Ligand SMILES: [Zn+2]
């Protein structure tokens, strides 16, 4: 198997693990946005939100919350916020094909953030309404 996160989950590649249970593994990102930047992965390979089981996704989210709480304690007053970030697909910024949740400690003025597009605030109402209608129809049952 060539997936780097599967290799980390199997301990074939070393990682600075901070949390582990039967379902998930959490370890320090090797290229952190800030010190303490952690990735939470399901141990079973799943590339995307479509592939991961709802149960495993719950475990990833729960571990992400635990890590966020621990980061606030570990970094005390330096860590004034935490971002949970999951990129599903290349267009969303996913760089490894094994689903992972970023847990990123944030500091005032750390220079990281989401960049808003030029059309932000100017999306035509009919486009928004069309998406709303489709989503309602797909999600109701
Ligand atoms: Zn994998």
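The values are calculated or read from the model by the stated rules, or taken from the named source; none is laboratory data. These figures come from a predicted structure and were not determined experimentally. For neighbour counting, all protein chains shown are included, and Cβ atoms are generated from backbone atoms with ideal geometry for every residue, glycine included.
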- Query: Could you give every pair whose Cβ atoms fall below 8 Å, whose first residue belongs to region 107-130 and is closer than 22 Å to residue 85 by Cβ, and whose second residue is part of a loop (DSSP other than H, G, I, E, B), counting only separations of at least 6 or pairs across chains?
  - Reply: 107/34; 107/79; 107/80; 108/80; 110/33; 110/34; 112/33; 112/34
- Query: Just to be sure, is residue 68 part of a helix (DSSP H, G or I), modelled with pLDDT of 95 or more, under 13 Å from the mean Cα position of the chain (by Cα) and under 23 Å from residue 109 (Cα atoms)?
  - Reply: yes
- Item | Selection from region 76-100 of residues that are without any contact (Cβ under 8 Å) to a residue 40 or more places away in the chain and over 20 Å from residue 114 (Cα atoms) | 76, 77, 78
- Message: I'd like the full set of residues that are in a strand (DSSP E or B), away from the ligand (no atom under 16 Å from the Cβ) and buried (at least 20 other Cβ atoms within 10 Å of the Cβ), limited to region 22-49.
- Response: 38
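Sort out which residues of region 85-101 are assigned to a strand (DSSP E or B) and either within 16 Å of the ligand (Cβ to nearest atom) or at pLDDT below 95 (or both), and write them in order of number. Outline the logic, then answer.
As a first pass, look at region 85-101 and keep what is assigned to a strand (DSSP E or B): 85, 101.
Within region 85-101, 101 is the sole residue that qualifies.
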- Query: Residues in region 1-21: is at least one away from the ligand (no atom under 16 Å from the Cβ), outside any loop (DSSP other than H, G, I, E, B), modelled with pLDDT of 95 or more and surrounded by 15 or more Cβ atoms within 10 Å (Cβ to Cβ)?
  - Reply: yes
